[in-house]
1. Output the pairs from 71/380; 57/313; 230/313; 95/171 with a Cα-Cα distance over 27 Å in this structure; if there are none, say none.
2. Subtract the Cα-Cα distance of residue 190 and residue 242 from 0.36 nm times their separation in residues, and report this length gain in nm to one decimal.
3. At 7 Å along the Cα-to-beta-carbon direction for both residue 144 and residue 178, put a label point, then send me their distance in nm to one decimal.
4. Rounded to whole Å, give me the distance from the Cα center of the range 122-192 to that of the range 54-106.
5. On a full-extension model of 0.36 nm per residue, what is the gain between residue 60 and residue 285, subtracting their alpha-carbon distance, rounded to one decimal in nm?
6. Packing-wise, with mean Cβ within 10 Å as the measure, how do 211-220, 149-158, 78-87, 125-134 rank, highest first?
7. Suppose each label sits 7 Å from its Cα in the direction of the beta carbon; what would the residue 210-residue 230 distance come out to in nanometres?
8. For every other residue with a beta carbon closer than 11 angstrom to the beta carbon of residue 65, add +1 if it is Lys or Arg and -1 if Asp or Glu, then tell me the sum.
Amino acid sequence: MTMKTTKKLFLYLPVFLLLSISSVQAQPYVKIDTVLNNQIEYTGDNSIEISLKLVSKTYKNDLYVAYVKNKKLIIEKFTNDKSIVKSNLSIVKLKGKFKNLGSYSLKDIAIDMENNEAYILTFGYVMVISLTENRVKDYFPISDFGYLFSDNEHLYLGRYYDYHPNDSKNKAGLFKYTKQGKVLDSILLEVPFIEYTHYIPNQLFTFNGQSFVMPLFDSYTLLAINKDFKSIDTFSFAKENWVSPSIEVSNSFKANFDQKDRFYRILDNENYKRISRIEFVEFTDNNELMVRYFQFDPSNTLSSNQRYIDRYKFTKGNFVKLQETQIETPKLDPNLPMKQGHVNLNSNSIVSHYFNDGFIYFRFDVPVEITSAMTEVEYKEIKNEQVAKNNPAINIWFFRYE
């Protein structure tokens with residue numbers, strides 16, 4: 001389906017381009033590959049509170065991370081080349097308007113390596129960082145957005161969140177900016193079941209330099225939006241045992257938005273115990289897309305929901321499925337060596353990004369070396385012993401698909 005677009009609000013219509021999916025051998029689990037200890041360390045009384053306040057994004061199969069430490073903005077690159085290697089891209093001393101900027105203020109990052117610039121989305125501003133000069137070279141004010149992307153010429157800001165009607169009437173859309181902060185174009189969308197954007201972890205926009213991809217919640221459906229905002233292509237895939245949200249629950253939630261305590265309990269039951277939902281999309285390079293989703297397990301033999309990753313090649317406006325991987329494991333023997341077997345993942349807490357051959361997991365931790373023979377029991381014993389001796393850190397765990 002293709003829809004021509006202008007600067008008007010567009011209502012999503014439930015008309016799908018149904019694609020047949022060839023048989024793909026599911027690869028059931030992932031294995032731990034690399035652990036980089038004590039990479040991002042915080043000190044102070046509120047270390048735990050801000051431990052995951054960083055921004056990160058995959059770009060051409062590398063990972064870029066930004067955070068604030070000791071009044072400096074630190075931008076790091078994690079290169080995936082047989083092993084995960086970290087390098088510092090830029091360390092910017094914060095001063096002037098941004099001297100009191102904290103990691104809690106960072107919302108997203110975009111990278112333009114051809115122009116040696118990084119862009120940081122904060123509450124109220126976009127910062128333009130020169131990677132060669134290690135300084136804030138420019139900034140401009142913006143309204144509330146959750147996503148930031150760039151190509152060689154433009155910046156793109158996006159939102160996909162169920163804001164309170166008094167805060168924002170536009171809940172989903174993309175805006176094209178010059179790199180000096182002038183708005184050039186926009187596309188505004190109405191999408192069904194947007195109340196499920198309240199649940200994290202999620203990443204609901206991704207960009208490969210030409211197209212944006214975002215999921216819908218009423219089915220296993222992806223929207224591909226060209227960067228000139230002139231067309232939207234809708235792709236819906238048939239999934240066995242997929243359970244869509246209830247329109248009755250959705251309508252009740254919207255009609256009683258101010259009674260959120262009562263209706264969040266109802267929505268929680270839907271989200272965690274009944275429905276299936278895409279929660280994360282990410283281009284790992286120009287034409288490979290990762291889609292993370294969970295499905296309710298009707299047999300109840302594993303847990304209420306099981307998470308999977310589908311890997312696609314996105315080329316010539318079409319998706320070709322390459323791989324399916326289960327990332328949440330059933331309960332495994334904690335006495336087995338962690339690197340020889342699998343690691344028990346509680347994926348509700350995963351803050352992660354994806355490469356073509358695996359994924360990065362940011363884990364709030366203490367520095368513990370994972371030896372080839374270490375079991376999960378031994379790891380937890382050592383970790384508990386070191387909690388009182390070490391500052392908390394975000395360690396980088398890398399898992400490869402089998």
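1. On the way: 71/380 33 Å; 57/313 19 Å; 230/313 22 Å; 95/171 33 Å.
With Cα atoms farther than 27 Å apart: 71/380; 95/171.
2. Separation in residues times 0.36 nm, less the Cα-Cα distance, equals 16.4 nm.
3. Taking the simple label geometry, residue 144 and residue 178 are separated by 2.9 nm.
4. Using only Cα atoms to place each centre, the spacing works out to 19 Å.
5. On the way: separation 225, 0.36 × 225 = 81.00 nm, distance 0.41 nm.
Taking 0.36 nm per residue and subtracting the Cα distance, the gain is 80.6 nm.
6. Per-residue mean Cβ counts within 10 Å order the peptides as 211-220, 149-158, 125-134, 78-87.
7. 1.4 nm
8. Result for the local shell: +1.
Any read-out appearing in this document is the output of simple, stated calculations on the displayed coordinates, not a laboratory observation. Just so you know, these numbers come straight off a predicted model, no measurement behind them. Every residue, glycine among them, receives a Cβ derived from its backbone with ideal geometry; neighbour counts consider all protein chains shown.
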